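Q: Following this message is one structure expressed as structure tokens.
The values are calculated or read from the model by the stated rules, or taken from the named source; none is laboratory data. Fair warning: this is a prediction, and the values are worked out from it, not measured in the lab. Methodologically, a virtual Cβ is constructed for each residue, glycine included, from the backbone with ideal geometry; neighbour enumeration extends over all protein chains shown. When the accessible area is computed, the model is the full protein with side chains, heavy atoms only, and any ligands, DNA or RNA have been set aside. Shrake-Rupley method; radii C 1.70, N 1.55, O 1.52, S 1.80 Å.
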Amino acid sequence: AQTVTQSQPEMSVQEAETVTLSCTYDTSESDYYLFWYKQPPSRQMILVIRQEAYKQQNATENRFSVNFQKAAKSFSLKISDSQLGDAAMYFCAYRSLGGGAQKLVFGQGTRLTINP
Amino acid sequence: NAGVMQNPRHLVRRRGQEARLRCSPVKGHSHVYWYRQLPEEGLKFMVYLQKENIIDESGMPKERFSAEFPKEGPSILRIQQVVRGDSAAYFCASSPSGDNYGYTFGSGTRLTVV
């Protein structure tokens, strides 16, 4: 079974600075999807960014980018120009490719604090 | 265009009572997923349903928990004879048919068992 590990329970960063959240995963599959979700205090799960494992190019969404290292099974999230609204729990998630493999496997989460 | 609607947002039950959590997927979405989040933990998969069918219930506890997604109406997650350990946030997500990797999550129902 696949597992996802986030080794940083908490991180903090100064407003406007850059922060990187770590995520590693374990799988024997060659094709899969990886995601970062944000969960603010409202509890809503918000998709931040996603990556297909067969794509070598790292995904980017505005101030959010990933460093996907397939061989190392690492999928870190970089947040540039941190804003107060970025404060939230961040979850890394894995999803197998194909057919009935629809479920997401989540890491334990990293709580990100933005210092003004 | 409403997203995934879950109700109630908060639910308090006494030990031994039944809890019924409702999820209305995004209009046109035929796949529904339920996840449970214990305090300070990530979400854990419970069950995946399509209309009138349970596709994957590998994350569901064997007893007291059941889920359905009828032809008409919302998906229901039912917990019978609740215990304190059932206290958690329960999230529903939906996606269109096909192998689509995009989920839309609801805001969750926080169940408290007293």
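Q: Using amide H atoms built in the peptide plane, which far-off residues or other-chain residues are under 5 Å from residue A:113 H to H?
A: So residue A:113 has HN proximity to A:11, A:12, A:13.
Q: For region B:65-114, compute Rh as the Kirkwood radius over C-alpha pairs and then the Stokes-Einstein diffusion coefficient at 10 °C and 1.306 mPa s; write the answer in µm²/s, rounded to an integer.
A: Result for D is 124 µm²/s.
Q: Please compute, for peptide B:103-112, the average count of beta-carbon atoms on other protein chains lying within 10 Å of each residue's beta-carbon.
A: The shielding value for this peptide is 3.
Q: Further, regarding this structure: Can you sort B:56, A:81 by 1.4 Å-probe accessible area, starting with the largest?
A: My answer, sorted largest first, is A:81, B:56.
Q: Region B:6-48: percent of C-alpha pairs farther apart than 13 Å?
A: Beyond 13 Å sits 69 percent of the P(r) for region B:6-48.
Q: Compute the normalised compactness of the protein assembly as shown: alpha-carbon radius of gyration over 2.2 N^0.38 Å, N being the residue count.
A: Normalised by 2.2 N^0.38 Å, the Cα Rg of the protein assembly as shown equals 1.02.
Q: Number of Lys pairs in region B:13-114 with C-alpha atoms less than 23 angstrom apart, excluding same-chain neighbours closer than eight positions?
A: So the count of such lysine pairs works out to 5.
Q: Then there's this: Pick out, in residue order, every one of the trypsin sites (Lys or Arg not before Pro) in region A:14-61 that is DSSP loop and has at most 10 other C-beta atoms within 10 Å; say none if there are none.
A: A:55
Q: If you don't mind, there's one more thing I want to ask. Tell me, which longest segment in chain B has none of the GluC sites (Glu not before Pro) that fall in DSSP loops with at most 12 further Cβ atoms within 10 Å?
A: B:73-114
Q: Sticking with this structure for a sec: Report, as an integer, the average count of C-beta atoms from other chains found within 10 Å of each Cβ along A:38-44.
A: Mean partner shielding for this stretch: 4.
Q: Something else: Run the 1.4 Å probe and let me know the accessible area of residue B:11, rounded to the nearest 10 Å².
A: 20
Q: Binning every alpha carbon pair distance of chain B at 5 Å from zero, what are the percents per bin?
A: All Cα pairs considered, the percentages come to 2, 13, 23, 27, 19, 10, 4, 1, 0.
Q: Right, here's the next one. What do you get for chymotrypsin sites (Phe, Trp or Tyr not before Pro) in region B:8-89 restricted to DSSP loop and a cutoff of at most 10 other Cβ within 10 Å of the site's Cβ?
A: Loop-located and lightly packed - none at all.
Q: So, one more: In the full protein assembly as shown, how much of residue B:22 is accessible to a 1.4 Å probe, in Å² to the nearest 10?
A: Roughly 90 Å² of residue B:22 is accessible to a 1.4 Å probe.
Q: Shifting gears a bit: P(r) of chain A in 10 Å steps, Cα pairs, percent per bin?
A: 14, 49, 30, 7, 0
Q: I'd like the FRET efficiency for residue B:81 and residue B:114, computed as 1/(1 + (r/R0)^6) with the beta carbon distance as r and R0 of 22 Å, rounded to 0.05.
A: The pair residue B:81/residue B:114 has a calculated efficiency of 0.95.
Q: Shifting gears a bit: Please state the relative contact order of chain B as a whole percent: Cα pairs under 8 Å, 6+ residues apart?
A: Relative contact order of chain B: 37 percent.
Q: Under 5 Å between amide H atoms, partner at least 5 residues away or on a different chain: which partners does residue A:17 have, H built in plane at 1.01 Å?
A: Those qualifying (amide H under 5 Å, at least 5 residues apart or on another chain) are A:82.
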